[in-house]
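The structure under discussion appears below in the form of structure tokens.
The values are calculated or read from the model by the stated rules, or taken from the named source; none is laboratory data. Bear in mind that the values here come from a model prediction, so they are computed numbers and not experimental data. Methodologically, a virtual Cβ is constructed for each residue, glycine included, from the backbone with ideal geometry; neighbour enumeration extends over all protein chains shown.
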Amino acid sequence: MRSILIVDDDSALRSSFEKLLSEEGYEVRTAGTGEAGLEMVRQKIPDLVIMDVRMPGMSGLETLKAVREIDHKLPVIVMTAYGTTDTAIEATKLGAFDYVLKPFNIPDVLSLINQALEAGRFMRSRVEINMPPETTAPDVIIGKSDVMQEVYKTIGRAAPTDATVLIRGESGAGKELVARALYQHSLRADKPFLVINCVAIPETLLESELFGYEKGAFTGAVSRRVGKIEQAHGGTVFLDEIGDMPFSIQAKILRLLQEKSIERLGGREPIPVDVRIIAATNRNLETALAEGRFREDLYYRLKVVTIELPPLRERKGDSSLLSDYFLTRFAKEMGIDNPGMTPEAKTMVENYHWPGNVRELANALQKALIFSRGYPIKPDDISLAVREDADQGPAKDSTAEKVIRQWVREGLAASGRSDLFSYFMDHFTQILVSEALEVTGGNRTRAAKLLGISRPTLHAKMEKSGLIGQEDEEE
């Protein structure tokens, strides 16, 4: 369970945070002063610190400096009131992950907390290469094929430099793990590592997310905001799916690479920044160049070092190694014995073309483990996609989506409720949780793993959905 420390002299805010975050499945500790918070950090390093800037005694900035001396990779989110954004920016320069302005929007804060926790995990959790098959570490690059040996060599040569690296490969091949390995073996490993997914963030928000903005730059810009690139000063920024970056923003990334400076949205003064850029894409950039969707000058600036990550189908023998790893890891997470695979299942795994690469293999084996009931995994236990002919992709069945859409349309047409969003989400959550419990035989630990949430969060959703009467059937 991930732990969060709240440091604020406002007891009501501490109580609200403790209740909210506990319901989200986090372990929460609180402190009313900077001194008390610092002592808690010394006793047990949390996964995240959220603290106020203005506190009696030791200020937030003083506490932040002391926390960074104890653990420079511990993410800290700073809270501040309107009118004190200069202090918040100073906190960012001192190493704070980000800051929020009071009063704040709860969904936005929860999203920021998740980002900070992931950033902390990325910086702390080392990406290992070719660990023994019995390993259960979640961040491992596994593969002994000749093509993967070339990848390892390139990582080793490029990591200690400040060279820009472009990682190319299909979706699910493991580009993020390669980027993290480059960061962790670099001379910037004790500095920030921030991930920006150029597809996940809407185009209208991506520019301000990357470069920040000045007060009044646009409607709603009530204060100055520091962007992710400026936050990562001294560290590394990973631009995932850069092939989908809007053309208008590409020019600013080019300027960053050429001049080592940025301008905030609405700003006029260049701001020097020292960051290393690692980029990744599953797109054919040469085609994008020919079609005018990607800048030629940026293309050449990015590919100082290029790492071609091969698809799983070209990594002879690696599917079996990965299967052993995933089954060992997932069995440990579920609290069950690893049943292994039949020779026929191993042959199927090795011969299948895996269009979704390592990610698809992992998902298929996790499902197979859930349904195997402790027996060795057979070909029929692996998902329908695996049983498709090797020359065909997995069949696409949109029946379920059509049923859901029809249900939503009927509800929208028939209901005069004012809380439709909550109504639909609560009903869907109840169905989702109920089915996960059914699939796992009522085992809450396995159901939580299947849904990708913590056990306390599952418990809270069961309670809200009226499913709390169901008992575990631990195996």
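Residues satisfying the criterion are absent from segment 131-150 (criterion: at pLDDT 85 or above, part of a loop (DSSP other than H, G, I, E, B), more than 16 Å from LEU312 (Cβ to Cβ) and out of contact with any Asp or Glu (no Cβ under 6 Å at 6 or more places or on another chain)). Could you identify the single residue in LYS93, LYS73 that is of a type in the set (Lys, Arg) and at pLDDT below 85? Selected residue: LYS93, the only one of LYS93, LYS73 that is of a type in the set (Lys, Arg) and at pLDDT below 85. Scanning segment 139-194 for residues that are touching a His at 6+ places or on another chain (Cβ under 9 Å) and surrounded by fewer than 18 Cβ atoms within 10 Å (Cβ to Cβ), we see that the one that is nearest to THR236 (Cα to Cα) is ASP190.
When VAL199, VAL222, VAL195 are checked against the criterion of being at pLDDT below 90 and in contact with an Asp or Glu (Cβ under 7 Å, 6 or more places away or on another chain), VAL199 stands alone in meeting it.
Taking segment 7-16 as the range and being under 28 Å from the mean Cα position of the chain (by Cα) and closer than 19 Å to GLU39 by Cβ as the test, the residues that pass are VAL7, ASP8, ARG14.
The criterion of at least 2 residues that are of a type outside the set (A, V, I, L, M, F, W, C), in contact (Cβ under 8 Å) with a residue 60 or more places away in the chain and under 29 Å from THR457 (Cβ atoms) is met by none of the helices (runs of 4 or more DSSP H) wholly inside segment 13-100. Within segment 202-238, being exposed (fewer than 15 other Cβ atoms within 10 Å of the Cβ) and over 19 Å from PHE122 (Cα atoms) holds for PRO202, GLU203, THR204, LEU205, LYS215, GLY216, PHE218, THR219, GLY220, VAL222. Taking the numbered list (1) touching a residue at least 12 places away in the same chain (Cβ under 8 Å); (2) closer than 30 Å to HIS353 by Cα; (3) of a type in the set (S, T, N, Q) in turn, GLN149 passes all entries but (1).
In the set (1) over 21 Å from the mean Cα position of the chain (by Cα); (2) farther than 25 Å from VAL53 by Cβ; (3) not β-branched (Val, Ile, Thr), ARG126 fails one condition alone, (1). Restricting the search to strands (runs of 3 or more DSSP E) fully inside segment 199-315 and requiring at least 3 residues that are touching a residue at least 60 places away in the same chain (Cβ under 8 Å) gives 276-281, 305-308. Screening LEU322 on (1) assigned to a helix (DSSP H, G or I); (2) surrounded by fewer than 17 Cβ atoms within 10 Å (Cβ to Cβ) shows it passes everything except condition (2). Considering only segment 350-357, I want to know if a residue exists there that is over 22 Å from VAL178 (Cβ atoms) and either in the same structural domain as MET245 (by TED's automatic domain parsing) or assigned to a helix (DSSP H, G or I) (or both). Scanning segment 350-357 turns up at least one residue that is over 22 Å from VAL178 (Cβ atoms) and either in the same structural domain as MET245 (by TED's automatic domain parsing) or assigned to a helix (DSSP H, G or I) (or both). Filtering segment 332-343 to residues that are surrounded by fewer than 18 Cβ atoms within 10 Å (Cβ to Cβ), in a helix (DSSP H, G or I) and touching a helix residue (DSSP H, G or I) at 6+ places or on another chain (Cβ under 9 Å) leaves only GLU333. Looking across segment 446-459 at every residue that is in a helix (DSSP H, G or I) and modelled with pLDDT under 80, the one that is farthest from VAL28 (Cα to Cα) is identified as ARG446.
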